[in-house]
Amino acid sequence: MEAAGVPDAKHDAETIYCWLMHVQPDKFFMEWANVADDRTCEQYLTLVDRRSAREPLQYIIGTQEFMGYTMKTSPQVLIPRFDTEPVVEKAVGLLEGQKAPAVLDLCCGSGAIGIAVAKMTEAKVTAADLSEDAVALTKENAASNSAALTVVQGDLFEAVGKKKFDMVISNPPYIESDIIPTLMPEVRDYEPLEALDGGADGLDFYRSIIADAPDHIRDDGLLVLEIGDDQAEAVTQLIADTERFDPAEVGRDLAGHDRIVTAVMLGKKTLKARAKKRAAEEKQRAKEEAAAAKQRAKEEAAKAKQDAIDAKAKAKQDAVDAKAKAKQDAVDAKAKAKQDAVDAKAKAKQDAVDAKNKAAEEKQRAKEEAAAARQAAKEEKKNK
């Protein structure tokens, strides 16, 4: 079995032997050295071969312990899980002190949940399942455990008509369709698909159960659901969307994984009070929004008025500034023209002085040139 990948093969081998030989597990160490006959060996090895093929141990020996009670198993029905025991413990705790509460175990499978609740409380339990095999097995397990159960067949709440209960507890199929091929062979290849498959997102059954639960739970009654360890947020949101329950609570299993969702059904008085409160809140909110809108309109009108005043004042100031600028420009132009005239007169005067000086310079140069010419002529004449 170890070679076949069977988890805890030693335990399963011992369990099969004890079951076959009708030996209590705690007495195994006293029996293991006894020599078995050929027929017993053949039977044992046949059972070991079945387990090596990854057939679940519970299907081989035909039973599973759950909450201290022995449940018969069948390949047509899901095997009770230890993960479900905290769900039962939670339900039992919630029912404590109640006198003969009516409890519905929906999607009951082997009946393990309903039987444990019936044995551990004063509840009057109804167990329901669509599967004929599940209904038959639940009846058998109820009888073998001396549990008083009403067992009915039908599709979810259709099985109980219009009846109402103090608690609805369910461990429905919740594995995503795409995940099933990846499960352990014991689950994937042997347990019934219809007891595992919860649809594309694993929430199909929760949607149906939660949508119809308010019609089947009494005021202040309870909804208790087993969930997959990654479904708490989605399932609690489905419950919240009905607006018929108090906020759901999430509980964990022994491994610390999210496993239980519980919610209290709101009574008619509570619903009426909440509706009245919600209406009052909406009225107050509308009043506040109207007041806020009025205030905004008032502020916007005041702003528009101020903007108009500011625009008018700006236009007036712009006109004054433009007039002042034009006046200053005229003064500046006149001053510039006057200065230009002064500068032109001064330049003309300077030009006349410069011309006179130039003429005097030229006259002096001509005089000097004439004198030089005479001197040159005189010297030339003297040399002859």
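The values are calculated or read from the model by the stated rules, or taken from the named source; none is laboratory data. Note that the structure is predicted; figures quoted are calculated from it, not measured. Backbone-built Cβ (ideal geometry, glycine too); neighbour counts: all protein chains shown.
One residue stands out in segment 157-206 among those that are among the hydroxyl-bearing types (S, T, Y), touching an Asp or Glu at 6+ places or on another chain (Cβ under 9 Å) and buried (at least 17 other Cβ atoms within 10 Å of the Cβ): the one that is nearest to L94 (Cα to Cα), namely S170. Based on what the data block shows, is A136 within 25 Å of M265 (Cα to Cα), modelled with pLDDT of 95 or more and of a type in the set (A, V, I, L, M)? Spelling it out, it is not the case that A136 is within 25 Å of M265 (Cα to Cα), modelled with pLDDT of 95 or more and of a type in the set (A, V, I, L, M).
Is it the case, given these coordinates, that R244 is surrounded by 10 or more Cβ atoms within 10 Å (Cβ to Cβ), among the basic types (K, R), closer than 18 Å to G221 by Cα and modelled with pLDDT of 85 or more? Answer is yes for this residue.
Pairs needed: first member in segment 3-17, closer than 11 Å to I61 by Cα; second member anywhere, small (G, A, S); C-beta distance under 9 Å; at least 6 residues apart or different chains. Sorted first by the residue in segment 3-17, then by its partner, the pairs are Y17/A36.
For segment 132-151, the condition holds for no residue, the condition being that it is in a strand (DSSP E or B) and within 16 Å of D212 (Cβ to Cβ).
Can you pull out the residues in segment 96-137 that are among the polar types (S, T, N, Q) and either touching a helix residue (DSSP H, G or I) at 6+ places or on another chain (Cβ under 6 Å) or closer than 19 Å to H216 by Cα (or both)? Q98, S110, T121, T126, listed by residue number.
Screening D105 on (1) surrounded by fewer than 19 Cβ atoms within 10 Å (Cβ to Cβ); (2) within 16 Å of V88 (Cβ to Cβ); (3) among the charged types (D, E, K, R) shows it passes everything except condition (1).
Just one of the listed residues (A123, A143) is assigned by TED's automatic domain parsing to the domain that holds L78 and touching a residue at least 24 places away in the same chain (Cβ under 8 Å), and it is A123. Annotation note: of A53, A100, A112, the sole residue that is under 24 Å from G5 (Cβ atoms) and either assigned by TED's automatic domain parsing to the domain that holds H22 or out of contact with any Cys (no Cβ under 9 Å at 6 or more places or on another chain) (or both) is A53. Restricting attention to segment 1-52, the residues that are part of a loop (DSSP other than H, G, I, E, B) and either at negative phi or surrounded by 11 or more Cβ atoms within 10 Å (Cβ to Cβ) (or both) add up to 16. The set of residues from segment 194-213 being among the aliphatic types (A, V, I, L, M) and either in a helix (DSSP H, G or I) or in contact with a Gly (Cβ under 9 Å, 6 or more places away or on another chain) (or both) comprises A195, I209, I210, A211, A213. Applying the criterion of being part of a loop (DSSP other than H, G, I, E, B) and in contact with a Ser or Thr (Cβ under 8 Å, 6 or more places away or on another chain) to the residues of segment 57-79, the residue that is surrounded by the most Cβ atoms within 10 Å (Cβ to Cβ) is V77.
Every listed requirement among (1) assigned to a loop (DSSP other than H, G, I, E, B); (2) of a type outside the set (D, E); (3) surrounded by 20 or more Cβ atoms within 10 Å (Cβ to Cβ) is met by G97 save one, (3).
Among the candidates A234, A255, which residue alone is among the aliphatic types (A, V, I, L, M) and part of a loop (DSSP other than H, G, I, E, B)? Answer to the check: A255. Taking the criterion of being within 26 Å of A248 (Cβ to Cβ), of a type in the set (A, V, I, L, M), in a helix (DSSP H, G or I) and in contact (Cβ under 8 Å) with a residue 12 or more places away in the chain, would at least one residue in segment 166-184 satisfy it? Checking segment 166-184: not a single residue is within 26 Å of A248 (Cβ to Cβ), of a type in the set (A, V, I, L, M), in a helix (DSSP H, G or I) and in contact (Cβ under 8 Å) with a residue 12 or more places away in the chain.
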